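Below is one structure; the comments refer to it alone.
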Amino acid sequence: GRLRYRLRTDPRRVADLGMVFSSVLVEWIGATLMAPITPWYVKKLAPNMGQGKAASVLMASYNIGMFVTSLFTGPLSDRVGRRPVFLIALLLYTGAQFADANAWDLASLGGFRALEGVLAGTRPVIIAYLSDISENDDMKLYGVIMGIFVVIGQLLGPVIGGALLQYSMWLPFYFMGILAAVLLLLEFFFLRESLVKDDNGKLVSRAKKAEEENVVFPKNKWLIPTVICLGIAAFCRQ
């Protein structure tokens, strides 16, 4: 059937969705940024280590950070809210990108990459955020959109890394740090919390709260085209 709830929205909700999906895009650009440029970093930071071993260390570091943080970010966001978890993770990610640009050896770069994995560890929170502001039928659409942003990020990461390497081997990290910092500011000033307190002071989702209060949202037939355009704009901007 038709996904009616996703049409009952306003531009403010579209902005929230855009920022959340943009964080997915930034995460995957950063995750694949080093794919074509790892040999140069290994030669600079660990000339005596084999290329395969060094690449494995960097990849494992990122995945370890993602795995560890994904264990507790979901439950933590249930207690303190989704927005604070997003902001803290993005702040750490931004700092880690700038730290990458100043890494002094492979171990330090691996440690900073693990810190970047913190943002990837918020994927359960992203799913929870979307669920908070949506009905079940909406999640089918959002799952598709998230998949599109993941693919775009995977495509852009190596392209950006290889292109910026021509100017400086550290420039890709500075670029990602600036991009993440811009997104951090946008989320800090504009991203709304998806959990609200009910009459008993318990945190519940906005969708559930609206359902309990029988809130009627203004219909907007441009939601789907707008979200698609946001994705295309993000792609073209890179």
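Since every read-out is calculated from the coordinates, none of them should be taken as a lab result. Source: prediction; values computed, not measured. Here Cβ is always computed from backbone atoms with ideal geometry, including for glycine, and neighbour counts include all displayed protein chains.
Extending 7 Å from Cα along the Cβ direction at Ala35 and again at Met169 yields two label points whose distance is 2.2 nm.
Note that the stretch 46-164 shows a convex hull volume over its alpha carbon atoms of 118 Å³ per residue. Summed over all non-identical Cα pairs, the Kirkwood treatment of the stretch 69-109 gives a radius of 11.6 Å.
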